[in-house]
Structure formats: structure tokens, C-alpha cells
Amino acid sequence: MEVVNNLDDMVKSFFDSAPVLKDADNISNKLSKFINQNASLPGSEGPRRVVCVTSGGTTVPLEQRCVRYIDNFSSGHRGGTSTEYFLKAGYSVIFLYRRGTCQPYCRSLPDDPLLECFKLTNDSSIQVHESHAEAVKSAISGHHDAVSGGYLLKLPFTTIFEYLQILRLIATSLKILGPNAMFYLAAAVSDFYVPWESMAVHKIQSASGPLDMRLAQVPKMLSVLRKEWAPTAFCVSFKLETDTEILLEKADTALKKYKMHAVVANELSTRKEVVILVTESGKVSVSRENSQSDVESPLIKLLVEKHSSYVTDINA
Ligand code: 9Z3
């Protein structure tokens, strides 16, 4: 495998060798329609703001006709919940999510909502179980209002190739909104991948013995996003660690190295209770109010304030 070190070359090599994004034209059309519509809507302070929320983990296929893949952990709860709070705060949301992960407005539903929330009556019509009626009504109405109002656009991905290609399309389309656009990058993104051209085409045979594989490093697209794709957008990335000792140091490094406007640091086991918001002006611990509430509520409130100051400063 050819080893490429320079970031620009790594980025070029990643995109050049990625399999062609299916549906790229359709995605681009949906994006430009959504962004143009929202650009003409008034927000509470100036034009309506649009945030791209990424959610869920990316996969790294090991075979072109993929039977096996490496996955990154993320249930999509953070992204789905945050989307609801952004919509509530008056933002429009492009929700870039891993297929099959948690969706906005669905977190109060059971794991298999279709089979668990509904029942057949004696005359074979479908009825909602009383115990789930409130959750179903609020999911349907929340989702319907957001989508039919034109405030929520949902785009799915599975692989690291799809994720980064769609993220690039979103970022370059959002460029026209300048500082009114935000990126909230909660997806768990693979650090390593198998380049398409060096990937086995068919299912790797176990009879060939133990598997040796060399994975290439996924280029640090946060830098590219900030520098090239959407240089004036407000960018928030996430840092996940399982070792608290190194979490804040790593978040600080990400803030500086990738010139993020904010980094949300979280530890795997406590991620639903507390996160630390790291910005140039310091670190703030953000906790949920009680076990019934969401840490995303105070987090989004803080980020919306920071985004407002950012827009004001840029326009001053
Ligand atoms: C996160 O840190 C998210 O908060 C979680 C949310 C994935 C922990 P859930 O979806 O969990 O609610 O189950 N996301 C970013 C993870 C990540 O891969 N960050 C990279 C890193 O830490 C930077 S892009 O190096």
C-alpha cells in the first residue's frame, strides 16, 4: 500500500479512491432546495440558522462486496436528541445519520415501535396501545412539523466513504450561509480505513488462515472543513475518551489543532449525564438537571449563545 503523509494528498487520495456516492445528484438537489428555502426564512436574530448535526458511527468495510466491517460505537442518541433541541431553538437541521440509529423524536418509543406500539383489533384494523399513545403522538407530530415545515432534512450514511462524501456536499452547500451555519459533529468517525483499491472484492476466506491487514489513516477532515469547505461556519466537534485523565488534554488539542470554535468532551460511561464544553475562553461543565432530563438541553442552549456571539462579532 502506498503511504501518503501530506494532508492534502491524503484527502485527495481518500476521495479519489472512494467508491462513487450513489444518489449524489439527488442528495445535492435536496440540499440546495433545503438551504435556499431556509436562507430566505427570517430567524429570531437575522436569517434563520442552519445546523448540520452528524450522528451515529461510520463503518469501515473490509470487502468491496461487504460481508464484514469495522464499526464505531454510537447509538445516535446524542445526535437525535440534540436535533430536537436545535429545532426548538429555532434552527433548521440537516441530520446526517447512520442508518438504523436513533432518530429525532423517537427516543421515548420502545426498541421495536411498530410491533410494540400497535395492535390489531378484532376487525383487523390497527390501533395504538394505550400505554404508548402519548409517545407515538408526540413522535409523529414533532417529526411531521419539522419535516413538512421544511426545517429538518435527514440524510443517511453507513460507511466512512459515504459519510465524508456527504459531509463535503453539505459543507460546500452551506457555504452561502456563512457564519449562520453551524456544524455539530457528534458522529463517531473511523480513524482508520481500507482504501477501496486495496480492498478484497469478495468475502475474505477464513481457510487462508489469520488475517493481516494494514489500515490507512483517515485524513483529519476537521481541518479541511474549517479551512476549505465552510471556513466561516461555527464548528463544534466532539471528543470521546474512556480514560478521563486524557480527555480534557485531547479536547484542548483538538480545539487548537483543528481551529474548532468549541469541542464537547465526553467520557463514554457518563456521556448522558455530563459533558465539558471546551472553548478558547475556558472549560465549562454541563450537567443534566436530573435523571429525567437531557444534558443536551443545557448544552444546546450554551452553544446557541456562543453561536450568536460569533455571528455578532463577525458582522460587527
Ligand atoms: C461523541 O463523542 C458522542 O457524544 C457519542 C454519543 C458518540 C459518545 P451516543 O450516540 O454517543 O449518544 O450513543 N461523538 C464523537 C466521537 C468521535 O469519534 N470523536 C472523534 C474523536 O474523539 C473526533 S471526530 O477522536
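The values are calculated or read from the model by the stated rules, or taken from the named source; none is laboratory data. All values derive from a computational prediction rather than experimental measurement. Because the Cβ atoms are built from the backbone with ideal geometry, glycine has one as well, and the counts that use them run over all protein chains shown. For the accessible areas, the whole protein counts, side chains as well, though only heavy atoms, and no ligand, DNA or RNA atoms are used. Shrake-Rupley method; radii C 1.70, N 1.55, O 1.52, S 1.80 Å.
Listed values, structure above:
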read-out: Neighbour net charge for ARG107 - beta-carbon separation under 12 angstrom, K R +1, D E -1; value: -2
read-out: Positive minus negative residues near TYR69 (Lys, Arg vs Asp, Glu; Cβ under 14 Å); value: +2
read-out: Long-range HN-HN contacts of GLU63 with modeled amide H, under 5 Å; value: ARG68
read-out: Sparse-neighbour loop sites [GluC sites (Glu not before Pro); the stretch 204-257; at most 10 other C-beta within 10 Å; DSSP]; value: none
read-out: HN-Hα J in Hz across the stretch 9-19 - Karplus 6.51, -1.76, 1.60, θ = phi - 60°, x for Gly and Pro; value: 5, 5, 5, 4, 5, 4, 6, 4, 8, 5, x
read-out: Charge tally in the Cβ shell below 12 Å around LYS30, where Lys, Arg are +1 and Asp, Glu are -1, LYS30 excluded; value: 0
read-out: Phi to ³J(HN,Hα) by Karplus 6.51 cos²θ - 1.76 cosθ + 1.60 over the stretch 147-158, Hz, x for Gly, Pro; value: 6, 6, x, x, 9, 10, 10, 10, 10, x, 9, 10
read-out: Accessible surface of the chain, 1.4 Å probe, proportion on carbon and sulfur as whole %; value: 51 percent
read-out: Candidate lysines - alpha carbon under 16 Å from LYS12, same-chain residues fewer than 8 apart omitted; value: LYS220, LYS227
read-out: Dipole of the chain [Lys/Arg +1, Asp/Glu -1 at C-beta], most positive-end residue of VAL60, LEU211, TYR184; value: TYR184
read-out: Relative contact order computed over the chain (Cα-Cα under 8 Å; 6+ residues apart), in percent; value: 19 percent
read-out: Interchain or long-range residues, amide H under 5 Å from LEU109's placed H; value: none
read-out: Average accessible area per residue (Å²) across the stretch 7-315 - probe 1.4 Å, nucleic acids and ligands excluded; value: 51 Å²
read-out: Fraction of antiparallel bridges per DSSP, the stretch 239-316 only, in percent to nearest 5; value: 75 percent
read-out: Under-5 Å amide H pairs with SER92, H placed in peptide plane, nonlocal only; value: ARG49, VAL50, VAL51
read-out: Rounded to whole Hz, the Karplus (6.51, -1.76, 1.60) HN-Hα couplings of the stretch 274-284, x for glycine and proline; value: 8, 9, 10, 8, 9, 9, 4, 8, x, 10, 10
read-out: Candidate lysines for bridging to LYS119, where Cα separation is under 30 Å - those fewer than 8 sequence places away on the same chain excluded; value: LYS137, LYS154
read-out: Three semi-axes of the equivalent ellipsoid, the chain, Cα gyration tensor, whole Å, largest first; value: 31, 28, 21
